[in-house]
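Read the figures in this text as sums done on the coordinates, not as results from a lab. Everything quoted here is computed from the prediction, not taken from an experiment. Using ideal geometry, Cβ is built from the backbone for each residue, glycine included, and neighbour counts are taken over all protein chains shown.
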Amino acid sequence: MTRIGIILGSTRPGRNGKAVADWVYGLAQERIDAEFELVDLAEFPLPHLDEPMPPAMNQYQNDHTKEWAEKIASFDGYIFVTPEYNHSTSGVLKNAIDFLFAEWNNKAVGFVSYGAVGGTRAVEHLRLVAIELMLAPVRAQVSLSLIHDFENFSVFRPGEYQLPGVTALFDQVIAWADALAPLRQK
């Protein structure tokens, strides 16, 4: 069965991302065409990148890197749940991505973002990073507005209008993850 990791890309106390990731994960549990797992970066306390060798060398020395690599390698695709901070993604998500290379290769990735303008600028940056890591970003994305999908910018209340976008995101990530499977088997 295709395995998709939903990666919660915020660790900030009081973060909005936990409610968003739980919502995405809850909707994913209604599907029967893939297995989903919620991966909270707060449970993988990675320091700033501290491996002596570049990730592309695949010579990890630190236990925290090996644990992170094992988790990420277990998936066929990903959905990144990202806030938008200063017109980009969170530092903790970018750092977690940068720790690895081969574990990301030839897999699909989709994005659920949130922020004042739906987190779209964060996703634009993540798409560029994904391509460099040989991740295949899908077209569909879910952009959640702090104004329309949250009360007082902090209580998550997604509109029903978001559901078709989430379905399209799941459909595309699963289809692309399956299509890329022969490349991962080489």
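Once you reduce region 117-186 and region 42-116 to the center of their Cα atoms, the two points are 16 Å from each other.
For region 3-184, the dipole from Cβ point charges (+1 on Lys and Arg, -1 on Asp and Glu) about the Cα centre works out to 340 debye, to the nearest 20.
Computed over Cα pairs, the Kirkwood radius of region 71-186 leads via Stokes-Einstein (1.002 mPa s, 20 °C) to a diffusion coefficient of 147 µm² per second.
Fully extended, how many nm does the chain gain between Arg12 and Asn62 (0.36 nm per residue separation, minus their Cα-Cα distance)? Write out the running numbers ahead of the final one.
Working: separation 50, 0.36 × 50 = 18.00 nm, distance 2.42 nm.
Length difference between fully extended and current span is 15.6 nm.
With the simple spin-label model, which puts each label point 7 Å out from Cα in the Cβ direction, the Ala168 to Ile32 separation comes to 2.6 nm. Please report the net charge: other residues with Cβ closer than 11 Å to the Cβ of Ile97, K and R +1, D and E -1. That sum, taken over residues with Cβ under 11 Å, equals -2. Cross-link reach is defined here as a Cα-Cα straight distance under 26 Å, omitting same-chain residues fewer than 8 places apart; for Lys186 the lysines meeting it are Lys66, Lys71, Lys107. Net charge of the neighbourhood of Ala73, taken over other residues with C-beta under 14 Å away and scored Lys/Arg +1, Asp/Glu -1, is 0. Listed by chain and number, the aspartates and glutamates whose C-alpha is less than 18 Å from the C-alpha of Lys18, apart from same-chain residues fewer than 8 away, are Glu37, Asp40, Glu43, Glu84, Asp149, Glu151.
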